[in-house]
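First the structure, in the form of structure tokens, and then the observations on it.
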Amino acid sequence: MDTDSDTDDFDCFVREAEPRLRRAYGGHLAPHRVGDAVGSALEYAWTNWDRVALMEHPVGYLFRVGLSKSRSRKQARLPTPPPNEMPQVEPALIRAVQQLPRRQREVVWLVEACEWTPTEAARALGVSLSAIRTHRSRGLERLRRQLGVKANA
């Protein structure tokens, strides 16, 4: 980065991106690996800021960077938080989400829990927008069935 303006832009980006990355990684990595993934992603962003700043969905791209640098070969499972940390969540929901097929779990986590747009999730996971819509729809339907909840009409 050459100017104070670039540094200010990057600082602003980090304030917006860091919590989103941290939350998204929370659904994909063991808790002790989240900080490393966030650090790796933001380090990449700093080193390649001239490129990252021009991206349409930089957080989704950095999500993939952090995953590739910090995930082990073995698929991580969603951590089960202690019940007292998430009192507003139906306890059966955590287990039901963990039982979804991997891609459905990833999509439902990013779009529903992390409030990413389907486009951001597609970019982060390297799949098409239609695949995101399909995995989200199937994942939510499966969750409804497992929890005995009827879809809103």
In the stretch 118-147, anything aliphatic (A, V, I, L, M) and crowded, with 18+ Cβ neighbours inside 10 Å is listed as 121, 122, 124, 125, 132, 140, 143
Yes or no: residue 105 loosely packed, with under 13 Cβ neighbours inside 10 Å, in a helix (DSSP H, G or I), basic (Lys, Arg) and at pLDDT 90 or above? no
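The rows are residues; the columns are (1) modelled with pLDDT of 90 or more; (2) crowded, with 18+ Cβ neighbours inside 10 Å; (3) under 24 Å from residue 105 (Cβ atoms).
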residue: 1; (1), (2), (3): no, no, no
residue: 8; (1), (2), (3): no, no, no
residue: 11; (1), (2), (3): yes, no, no
residue: 17; (1), (2), (3): yes, yes, yes
residue: 23; (1), (2), (3): no, no, yes
residue: 29; (1), (2), (3): no, yes, yes
residue: 38; (1), (2), (3): yes, yes, yes
residue: 46; (1), (2), (3): yes, no, no
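The values are calculated or read from the model by the stated rules, or taken from the named source; none is laboratory data. Note that this is a predicted model, so its numbers are computed, not measured. Heads up, the Cβs are rebuilt from the backbone with ideal geometry, glycines too, and the neighbour counts pull from every protein chain shown.
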